[in-house]
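For reference, the structure discussed in these notes is given below.
The values are calculated or read from the model by the stated rules, or taken from the named source; none is laboratory data. Keep in mind the model is a prediction, meaning the values are calculated, not measured. Positions of Cβ are backbone-derived with ideal geometry, glycine not excepted, and every protein chain shown enters the neighbour counts. Side chains are part of the model used for accessible areas, which takes the heavy atoms of the whole protein and leaves out ligands, DNA and RNA. Shrake-Rupley method; radii C 1.70, N 1.55, O 1.52, S 1.80 Å.
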Amino acid sequence: MIPDIEHASQTEIKAFQVDKLKSLLEYLNTHSVFYKRLFETHQIDIKNINTLEDLATIPTSTKDDLQLYNDDFMCVPKNKIIDYVTTSGTLGEPVIFGLTDNDLERLAYNEAISFACAGIGKGDVIQLMTTMDRRFMAGLAYFLGARKLGAGIIRVGNGIPELQWDSILKFKPTYIIAVPSFLLKLIEYAKQHNIDPNTSGIKGAICIGEPLRHQDFSLNTLSQKIKQHWDIELFSTYASTEMNTAFTECTQQQGGHQHPELIITEILDDNNLPVAEGKAGELTITTLGLEGMPLLRFKTGDIVKAHHAPCDCGRNTTRLGPVIGRKKQMIKYKGTTLYPPAMQNIMNDFNEVESYIIELSFNEIGTDEILIKIATKKPSEDLLEKIKNHFRAKLRVLPKIEFSDRKEIRNLQFPKMSRKPIMVNDKRI
């Protein structure tokens with residue numbers, strides 16, 4: 001299930017997207033209160049947008065706009081909304097998105113071609129280890145995508161290693177969808193109960209929520225730990241509620257592929273200008289084919305690098321590298337610019353650390369402070385010194401690190417109404 005456009009030349013893909021963009025602009029000008037107001041305020045004639053580069057003449061929109069003018073983004077009457085979802089609210093108040101019947105069909109198509117990108121086919125069975133409730137889009141998308149692809153699905157939900165292994169051994173899935181760090185918990189449970197993961201029949205895992213690779217696509221510490229005990233393929237996928245679209249790795253595992261019929265991507269600098277080839281910038285997206293709440297030049301807040309060279313899998317689509325960090329979570333610490341994923345990768349090096357959370361705050365003079373709270377069965381000065389030395393060697397700076405109660409960290413990671421673990425508590429926001 002690979003769309004022809006993904007094998008087209010980059011010139012053909014660009015022309016294809018321009019046609020889609022023109023249709024979107026007409027639609028927004030007719031149905032979106034927010035974008036119609038934006039066009040009028042900035043005296044933008046949408047008939048003058050004839051190339052992807054012309055997008056630069058339109059102001060960007062942000063999560064703040066969505067929070068302030070949520071209803072103005074809705075392009076259909078409420079009686080056309082079939083499903084309501086909300087963003088996770090990681091960096092602010094959750095935003096409501098309404099999906100029409102056609103939007104749900106688009107969501108299913110997106111996930112089906114994303115699964116196919118990773119090599120999943122009609123005869124496979126997928127075990128879903130994420131929630132479908134709590135207005136969460138991802139779990140619903142995976143279910144709809146598997147159904148459209150013709151694959152089987154086992155809806156177990158998140159957590160509970162015992163139930164996960166019971167389902168794996170009983171139903172024999174070939175792929176699983178999970179947060180990568182949870183795979184370590186499955187491995188630990190398997191060890192304790194004499195289960196050999198490598199005879200389970202699992203071929204691979206679609207991993208969400210945490211990075212698997214370094215910027216050169218080599219496996220990071222977390223992935224290496226998984227592969228050391230469970231020889232399965234690990235596929236990174238990147239998505240968000242705002243995008244209604246996923247970027248999933250193919251079998252070459254060299255970045256998540258863009259689907260040209262579903263989304264236009266730009267990588268912008270702080271002045272909203274395109275970055276130079278190979279440079280990192282903020283992912284800015286324009287969604288195609290959505291009825292309920294399409295977005296135009298929406299800044300996601302995620303810092304990434306784009307890769308445009310043809311992939312060995314045969315696709316000529318843009319690929320996104322691992323997320324470097326959230327723009328709002330950028331830290332200036334003792335003259336060094338940091339993002340939380342770099343610190344998370346260091347913490348994942350230590351098997352003795354059961355759990356941790358990174359807290360960001362301002363000190364009394366208004367500069368950034370970092371506190372990492374860690375839980376371990378055997379706290380010691382020796383372990384603390386090892387972690388500190390690792391930070392000095394890898395990042396050349398040393399945040400404050402302290403031992404904490406495991407229950408306290410869990411409460412911080414899973415606050416009320418949380419749908420996924422929070423690894424960074426940013427008190428600066």
Pairwise Cα inverse-distance average, inverted: Kirkwood Rh of segment 286-429 (Å): 17.7 Å
The alpha-carbon pair-distance distribution computed for segment 68-144, with 5 angstrom bins and whole-percent values, is 3, 13, 20, 22, 18, 13, 6, 3, 1, 0
Taking only the alpha carbons of segment 1-80, what extent do you get along each of the three principal axes, in Å, biggest first? 39, 32, 22
Working from the alpha-carbon coordinates of segment 219-365, get Rg over Rh, Rh being the Kirkwood radius. 1.00
The Kirkwood hydrodynamic radius of segment 153-202, taken as the inverse of the mean 1/r over all distinct Cα pairs, in Å, comes to 11.0 Å
Mean separation of Cα contacts under 8 Å, 6 or more apart, over the residue count of the chain: relative contact order %: 13 percent
Quick one, which of (i) 25.5; (ii) 21.4; (iii) 33.2 is the actual mean projected area of the Cα convex hull in nm² calculated for this model? (ii)
All-pairs alpha carbon distance profile, segment 119-178, 5 Å steps from 0, percent: 4, 20, 32, 23, 16, 5
So who's got an amide H within less than 5 Å of the one on ASP302, skipping anything under 5 residues away but keeping other chains? H placed 1.01 Å off N, in plane. LEU283, LYS327
Per residue convex hull volume, Cα only, segment 273-358, in Å³ is 188 Å³
Going from the alpha-carbon gyration tensor of segment 236-277, what semi-axes, largest first and in whole Å, does one get by taking the root of 5 times each eigenvalue? 21, 14, 9
Return the long-range amide H neighbours of ILE263 (sequence gap of 5 or more, or a different chain), with a cut-off of under 5 Å between placed amide H atoms. LEU288
Could you pull out every whole DSSP H run in the chain that spans at least 30 Å of Cα extent along its own axis and averages -1.0 or higher on the Kyte-Doolittle scale? 10-31
State the extension gain, in nm to one decimal, for the chain segment bounded by LEU273 and GLN67, taking 0.36 nm per residue of separation less the distance between their alpha-carbons. 71.7 nm
If you average 1/r over every pair of different alpha-carbon atoms in segment 30-69 and take one over that average, what Kirkwood value in Å do you get? 11.2 Å
Per the 1.4 Å probe, what fraction of the accessible area of segment 62-161, in percent, lies on carbon and sulfur atoms? 50 percent
DSSP bridge pairs, segment 68-170: antiparallel proportion in percent, nearest 5: 50 percent
Once every DSSP H run of n ≥ 4 in the chain is given -39500 (n - 2.57) and the sum is divided by its residues, what mean residue ellipticity at 222 nm do you get, rounded to the nearest 500 deg cm²/dmol? -9500 deg cm²/dmol
What percent do you get for the relative contact order of segment 230-275 when only Cα pairs under 8 Å and 6+ apart count? 24 percent
Over its Cα atoms, what ratio of radius of gyration to 2.2 N^0.38 Å does segment 384-429 give? 1.44
Non-local residues with an amide H under 5 Å from the amide H of LEU234, with H modelled 1.01 Å from N and Pro and chain starts lacking one, are ALA205
For the chain, what is the accessible area per residue in Å² when the probe is 1.4 Å? 47 Å²
Student exercise, segment 87-194 dipole from Lys, Arg, Asp, Glu Cβ charges, in Debye to nearest 20: 280 debye
